[in-house]
Amino acid sequence: MAHSDKPKQPKILILATLAGGYAGADATGQVHLDYPANTYILPVMSPVMFPPEFFLRAFERGIDAIIIMYSGTDSPYKVEADGTASLVNRTYTLMKTRGIDIRRLRLAAICTVCVKPFLKEVNQMADLLKGIGFVKDEITAPAAAQAKGA
């Protein structure tokens, strides 16, 4: 097994709706523009299908940031815009109780040809992660502090 001296990069997961974010990601690829290699895109019908626990488990398993890219109020699914905003707000509450910085989860309206907004969101998240680091450090920090106090 080869050893890499390359520093480990925080992982960004994008939940990209087929009607918006995924098409925006595809448009970005078609014009041959680069975005951080530590980005993983998961095409989904609607992010409303994912419970808040999904996001928490993703953070606990090493995903350092999640961007939900959907078509916003232009979504063909009536419940998506309001339901997704509600989902994110519920998830923020749970993230706070676990000591996870809520900036690690972002909701972005991305259209089918939104190359620049797609790149902006991904690059902003990558820059944020350079500053705040890996999520495992946040999750384990409260437990370590609690153990010292015991």
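The values are calculated or read from the model by the stated rules, or taken from the named source; none is laboratory data. The structure displayed is predicted, hence computed values, not measured ones. Ideal geometry is used to build each Cβ from the backbone, glycine not excepted, and the neighbour counts take in all protein chains shown.
Kindly provide the set of residues from the range 50-62 that are surrounded by 17 or more Cβ atoms within 10 Å (Cβ to Cβ) and part of a loop (DSSP other than H, G, I, E, B), ordered by number. Scanning the range 50-62 gives a single hit, PHE50.
When residues in the range 110-123 are screened for being part of a helix (DSSP H, G or I) and not aromatic (Phe, Trp, Tyr), 8 of them pass.
Applying a threshold of 8 Å to beta carbon distances and a minimum spacing of six or more residues, or different chains, the list of pairs starting in the range 102-113 at a residue that is more than 12 Å from TYR70 (Cβ to Cβ) and ending at one that is of a type in the set (Lys, Arg) reads ILE102/LYS96. When the test is whether a residue is more than 21 Å from GLN124 (Cβ to Cβ) and surrounded by 15 or more Cβ atoms within 10 Å (Cβ to Cβ), LEU18 passes it.
Every test in (1) modelled with pLDDT of 90 or more; (2) part of a helix (DSSP H, G or I); (3) within 28 Å of GLN30 (Cα to Cα) is passed by LEU87 save one, and that test is (3). Within the range 90-109, how many residues are at pLDDT below 95, farther than 17 Å from ILE14 by Cβ and not in a helix (DSSP H, G or I)? Number of matching residues: 2.
Within the range 23-37, the only residue that satisfies the criterion of being buried (at least 17 other Cβ atoms within 10 Å of the Cβ), under 15 Å from the mean Cα position of the chain (by Cα) and among the small types (Gly, Ala, Ser) is ALA25. Among the residues of the range 63-84 satisfying the criterion of being part of a loop (DSSP other than H, G, I, E, B) and either touching a Phe, Trp or Tyr at 6+ places or on another chain (Cβ under 6 Å) or closer than 17 Å to TYR22 by Cβ (or both), which is modelled with the highest pLDDT? Among them, the one singled out is SER71. In the set (1) of a type outside the set (Asp, Glu); (2) buried (at least 17 other Cβ atoms within 10 Å of the Cβ); (3) touching a Lys or Arg at 6+ places or on another chain (Cβ under 7 Å), the condition left unmet by TYR40 is number (2).
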